[in-house]
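The values are calculated or read from the model by the stated rules, or taken from the named source; none is laboratory data. Here the structure is a predicted model, which means the values were calculated and not measured. Surface areas here come from the heavy atoms of the whole protein model, side chains and all, with no ligands, DNA or RNA. Shrake-Rupley method; radii C 1.70, N 1.55, O 1.52, S 1.80 Å.
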Amino acid sequence: MRHSSQIRAARALLGWSQANLAQFAGVSLATLQRIEQNKGVVKGNFSTILKLQTALEEAGIRFTEDDAGEIGVRMQTGKR
């Protein structure tokens with residue numbers, strides 16, 4: 001995961017609110033809101049970003065990025 005838009009897209013696929021993700025990842029809601037409001041590459045404490053990524057991946061989200069610079073999010077079915 002490299003972009004804040006990927007976090008928002010992942011939450012949408014899962015049907016999670018910001019509060020849900022913050023709780024599952026063990027980060028504060030204010031921190032998640034601050035991270036998501038920025039455009040482009042995710043900025044924040046590495047351990048916080050890792051917690052968010054881990055929570056989303058454990059829920060079945062896969063982050064994608066190809067050589068052309070296209071980013072995306074996919075959801076593994078049956079994980080939700």
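On average, how much accessible surface per residue is there in the chain, in Å², for a 1.4 Å probe, leaving out ligands, DNA and RNA? Show your work: numbers first, answer last.
Details: 4890 Å² over 80 residues.
Per residue, the chain has 61 Å² of solvent-accessible surface.
Of all the accessible heavy-atom surface of the chain, with the other protein chains kept in place and a 1.4 Å probe, what percent is carbon and sulfur? Show your work: numbers first, answer last.
On the way: 2330 of 4890 Å².
That share works out to 48 percent.
Under 1.5 on a/c is rounded, so check that first for the range 1-45, then, if it is not, pick prolate when a/b is larger than b/c and oblate when it is not; a ≥ b ≥ c are the square roots of the alpha carbon gyration tensor eigenvalues. Please report the intermediate quantities before stating the final value.
Values: a/c = 1.94, a/b = 1.16, b/c = 1.67.
In terms of gyration-tensor shape, oblate.
How large is log10 I(q)/I(0) at q = 0.22 Å⁻¹ when the Debye formula is applied to the Cα atoms of the chain, each weighted equally and without solvent?
For the requested q values the scattering log ratios are -1.01.
Evaluate the relative contact order of the range 8-80 (contact order divided by residue number), counting alpha-carbon pairs under 8 angstrom at least 6 apart; express in whole percent.
Working: 67 pairs, mean separation 21.8, N = 73.
Relative CO of the range 8-80 lands at 30 percent.
Quote the accessible area belonging to Arg34 in square angstrom, nearest 10, computed with a 1.4 Å probe and with ligands, DNA and RNA left uncounted.
Arg34 exposes around 130 Å² with every protein chain in place.
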